[in-house]
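Scroll down for the structure; my scribbles are underneath it.
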């Protein structure tokens, strides 16, 4: 684990509120993905244009995230897609402001209009189902700033194939993961679910996401770090050509 940036400790502070979330993202990106720069965010004018078009004031947490790193696709859109200010929209039922899409259109993330006035509102998710009448907005994470921490972490484990990999777990994989890595202080989600929740872990310079025992995603700071976790959790890693 790195001496320059204590990921677990920083994340512990990052899950408590907006300022902690942005501090965590700044530290994480500097040591894992490339430091944030002034041009990485959208301009204030872009957000104002979006607000005038939508007829609503964007939540403070959404504005802060967009201004800080909203244009860094490597942090927000390696797999799923963070919408730009000009792409934000209210869903057809006029229930939520949509700001993120699953990469194949299987789901959307949004903020319920009933809570749009909150500085750091809860985030909901809606699956795209064949039976449209069955689609419902469901709880995802309790704060938008927390969701942006999750976005940065999730997109980081789905980036460069040299540094990232995917494991279809077998019967021992989760036990080995829990025994040999540290669970990070990020709440299990989607909130309200008791089974198949997503959890985050940290090995020796390797970030891992457990998708409810159905998949393990890993990101090493170096290719050698990733190889080490592949050896620790043996199995059919899809990018492992050793």
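Summary of values
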quantity: Using a Förster distance of 45 Å, the FRET efficiency for residue 175-residue 52 (Cβ separation, nearest 0.05); calculated: 0.25
quantity: Packing-based ranking, highest mean first, of 23-31, 141-149 given that Cβ atoms within 10 Å are counted; calculated: 141-149, 23-31
quantity: Angle in degrees between helix 60-69 and the longest Cα principal axis of the chain, rounded to the nearest 10; calculated: 60
quantity: With Cα atoms, 0 to 90° folded angle of helix 223-232 axis to the chain main axis; calculated: 70
quantity: Separation of the residue 142 and residue 240 label points, Cα + 7 Å toward Cβ, nm; calculated: 3.7
quantity: Footprinting exposure proxy for 237, 109 (fewest neighbouring C-beta atoms within 10 Å first); calculated: 237, 109
quantity: Residues 57, 219 arranged by fewest to most Cβ contacts within 10 Å; calculated: 57, 219
quantity: Ellipticity estimate at 222 nm from DSSP helix runs (n ≥ 4, -39,500 (n - 2.57)) divided over the chain, nearest 500; calculated: -9500 deg cm²/dmol
quantity: Theoretical gain in end-to-end length, residue 191 to residue 6 [0.36 nm per residue, Cα-Cα removed]; calculated: 64.0 nm
quantity: Using alpha-carbon coordinates, inclination of helix 44-54 to the longest axis of the chain, degrees; calculated: 60
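Just so you know, all these numbers are worked out from the coordinates, no wet-lab data involved. Just so it is clear, the structure is predicted and the values come from calculations on it, not from any experiment. Positions of Cβ are backbone-derived with ideal geometry, glycine not excepted, and every protein chain shown enters the neighbour counts.
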